[in-house]
1. Using 10 Å bins from zero, what percent of all Cα-Cα pairs in the stretch 401-551 falls into each bin?
2. Please report, in cubic angstrom per residue, the volume enclosed by the convex hull of the alpha-carbon atoms of the stretch 245-375.
3. Cα convex hull of the chain: mean projected area in nm², to one decimal?
4. I'd like the carbon and sulfur percentage of the solvent accessible area for the chain, probe radius 1.4 Å, heavy atoms only, ligands and nucleic acids excluded.
5. Let me check I've understood the local charge: for residue 276, count other residues with C-beta under 11 angstrom from its C-beta, Lys and Arg +1, Asp and Glu -1. What total comes out?
6. Which aspartates and glutamates does residue 325 reach when only Cα atoms under 14 Å apart count, and residues fewer than 8 places away in its own chain are ignored?
7. Just to be sure I understand the model, the point goes 7 Å from the Cα along the line to the Cβ. What's the resulting residue 181 to residue 523 distance in nm?
8. So for the pair residue 51, residue 36, with labels modelled 7 Å out along Cα→Cβ, what separation do we get in nm?
Amino acid sequence: MREPVSRRGFLRLGAAAAASTVLAGCGGGSAAPAAKAQGLAIKLPTYTPLSGALKSDLPGNPAGVPDGYFTYPKQLFKAVVKPPMSGGTVSIAVQTFSPPPPGRAENPAWQEIEKRLGGTADMQPVTSDDWPTKFNTMVAGGTLPDLFTYVSTQGVNNLPAFVASQCTDLTALLGGDAVKEYPNLAAVPQVFWKQGIVGGKLYGIPVPRNMVGGLGFYRSDMFAQAGVTDLAQVTDLDRLFELLKEVTRPKDNQYGLVAYTGGVYGLSIFTQLFGTPNGWRLENGKLVHQIETEEYKAAVEYVRKLREAGVIYPGSEGFDGLKRKNEFNAGRAALVYDGLPAYLGPTGYLQTSRKIDPKADPRPMIPVGKAAKAHLNNIVVSITMMKKSDETRAKELLRVADFFASPFGSEEYTLFNYGVEGTDHTRDGKGNPVLTEQGGRDTTVPWKMVAAPTQPLFDSSSADAVKIMHDAISKMIAVGVEDPTVGLYSPANENSYESLYTMRNDRVTSIVAGRAPVSDLDQMIKDWRAKGGDKVRAEFEEALKQTPKAG
């Protein structure tokens, strides 16, 4: 989910100004490419599954369902036989959501990673809150590292001009079969690579999540108390409404839904359940935005009625992400919106809620009702860009990225996630790695934010949880909808996304909160179109005309 403009949008404009200075300083100001609509006409990296890969307990499929594993492989394999570097240093700056790690001298895992890299890794982890300022400073000072995170809501306005001047064009280096020189990167499906296209060329290496962001999580144990033991019993959204009312017990400080800041009362769940487009919908060659549809209006009305019925945790629209998670895990809400990666693992919803109540049974929400869809969105954490380099250096840096994209069950993946065996982790009775106290610190270095494989499903605490996730993702992908504009470039969208998003967010929040009538949606749509929405539409439609049709 994108964030409103606020401080981040301000810094984005600052970065744009800084980028203009850099362009001019390079003598490239006048030669910088004009920002214009661009279609998807390049040859994407050829998807090539790894040969001899691990046999999974629950196999994935080409549609994007990930492999599931009940136990961690006892016999690890080497994903990268030859060190990607032959001395020297690679500088890296990436966004992180973890606390500061111990430095190289106190971190055995970092030291081992450098041995396998064949060079020095000058890693700069930057917290997500500080990243906009850091990126702005690097651009302004001309100090971009070799590899760096790029986040679209925290970047520059004229992105094509920025990448043309400052970044390495990866199109020829990775397009088509060229990617096979980097087997781990080649094993990343094409849909993820679309996220790294700028101005019709490939500039970004994706850091994948999974094909679908999800519809949040529900407390199966709380639903069961209201007589629903299987979501198949919820045949339509009227029944879901009644169910959320039944689990709402204000005297016990228990509610149907917990909202959070910027989430418009959990609207992201219900836009999918009502079957809205995933951003845009293509109808007879014309684009229709989500907010222009009857399904969107119905979803807004539905959430407003939930609030009026007292189903939404009072005041939760002001909660931050941590507060939202805490209330759900404590059993004070039966439904919450969050991304699927937040479910499994030692800090995920499942294990955290069961530490509070062993009977807790949180599960991924799945599409219910005949119209429900799942948006195939939020599929990458971020993309990694490469500072402009000559071909020899660029290939070395791609080998570095390939190293960090090593798959589940490899020595390298285990090192990035669990550190050095005996120091950072030990094996439990089932052979699963368990972090030591030191490992909990050493593994906060965000190596997996440089590049990564598609995420497998694994949780050492519960094979049943892996089955639940595998089944949920399978059901979501079966009714998944893509955004037809992914991989296309619209200058108007790049420049006005935050302002249009903030306007929509604020106006819809007022409607749901009862401060404005539902009929205000019509005026909001008119304002959205006049303030840039129609221009974005026209540019994306032009970009679609430039995009060869599949097949």
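1. 9, 20, 21, 22, 20, 8, 0
2. Details: hull volume 15.2 nm³, N = 131.
Cα-based convex hull of the stretch 245-375, divided per residue, equals 116 Å³.
3. Numbers: hull surface 98.7 nm².
Mean projected area for the chain: 24.7 nm², to one decimal.
4. 50 percent
5. Neighbourhood net charge equals 0.
6. Partners found: 317, 338.
7. 5.9 nm
8. Between residue 51 and residue 36, the simple spin-label model gives 4.4 nm.
The values are calculated or read from the model by the stated rules, or taken from the named source; none is laboratory data. This is a predicted model, so every value here is computed, not measured. Please note: Cβ atoms are built from the backbone with ideal geometry, for glycine as well, and neighbour counts cover all protein chains shown. With ligands, DNA and RNA removed, areas are computed over all heavy atoms of the protein, side chains included. Shrake-Rupley method; radii C 1.70, N 1.55, O 1.52, S 1.80 Å.
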